[in-house]
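K.L.:
One structure, as structure tokens, below. Some questions next.
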Amino acid sequence: MSYLDYVPYVFLFAIATMIIYAWGLYKSQHAAMDDSKLLYSKAVSKILSELKKKDKLTRAELIKLLTGLETKRPFSRNKIVVTEPQSFTDAIIQYMLTQKMIEKMTEQGVNYYVKK
């Protein structure tokens, strides 16, 4: 066999390497966004499961519920943790209100959030 017979194999190996490198580069550039989406998703599911147990929750109860919430992507060592529970809870509440997952009600001057 001559050296020219190996050229297609080398070319296929180079193409496979480029595809794997591009996929890894894309995943590393979007890792932070994926982590935050995963944290939002976990927070929403935790709030909804808590609302199944209780009929209504206050903002203070939601802050306590989400304090220290952490998540990580599969096959990754990086974790994302809620470090500012007040601002994170406000963002989650606003998201859930706009998506009509929960609704806000006021009883005796206290704001409660209930499942819709």
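Values in this text are rule-based calculations from the coordinates and carry no lab data. Keep in mind that this is a model prediction, so the values were computed, not measured. Glycine also receives a Cβ, built like all others from the backbone with ideal geometry; neighbour counts cover every protein chain displayed.
K.L.:
Looking only at residues that are hydrophobic (A, V, I, L, M, F, W, C) and within 15 Å of the chain's Cα centre (by Cα) in the range 63-74, which one is surrounded by the fewest Cβ atoms within 10 Å (Cβ to Cβ)?
P.N.:
Out of the qualifying residues, it is Leu69.
K.L.:
Any idea which residue in the range 91-116 is farthest from Leu66 (Cα to Cα), counting only those that are outside any strand (DSSP E or B) and either touching a residue at least 24 places away in the same chain (Cβ under 8 Å) or small (Gly, Ala, Ser) (or both)?
P.N.:
Gly109
K.L.:
Of all residues in the range 32-86 being among the aliphatic types (A, V, I, L, M) and free of Cβ contacts under 8 Å to residues at least 40 places away in the same chain, which is farthest from Gly109 (Cα to Cα)?
P.N.:
Ala32
K.L.:
When the range 50-59 is examined, which residues are found to be of a type in the set (Lys, Arg), outside any helix (DSSP H, G or I) and exposed (fewer than 12 other Cβ atoms within 10 Å of the Cβ)?
P.N.:
Lys54
Each row is one residue, and each column tells you yes or no for (1) part of a helix (DSSP H, G or I); (2) surrounded by 12 or more Cβ atoms within 10 Å (Cβ to Cβ); (3) of a type outside the set (D, E, K, R).
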{"site": "Ile19", "(1), (2), (3)": "yes, no, yes"}
{"site": "Gly24", "(1), (2), (3)": "yes, no, yes"}
{"site": "Ser28", "(1), (2), (3)": "yes, no, yes"}
{"site": "Lys42", "(1), (2), (3)": "yes, yes, no"}
{"site": "Leu48", "(1), (2), (3)": "yes, yes, yes"}
{"site": "Glu61", "(1), (2), (3)": "yes, yes, no"}
{"site": "Ile80", "(1), (2), (3)": "no, yes, yes"}
{"site": "Ser87", "(1), (2), (3)": "yes, no, yes"}
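K.L.:
Turning to a different aspect of this structure: How many of the residues making up the range 1-17 are assigned to a helix (DSSP H, G or I) and either in contact with a Cys (Cβ under 7 Å, 6 or more places away or on another chain) or hydrophobic (A, V, I, L, M, F, W, C) (or both)?
P.N.:
9
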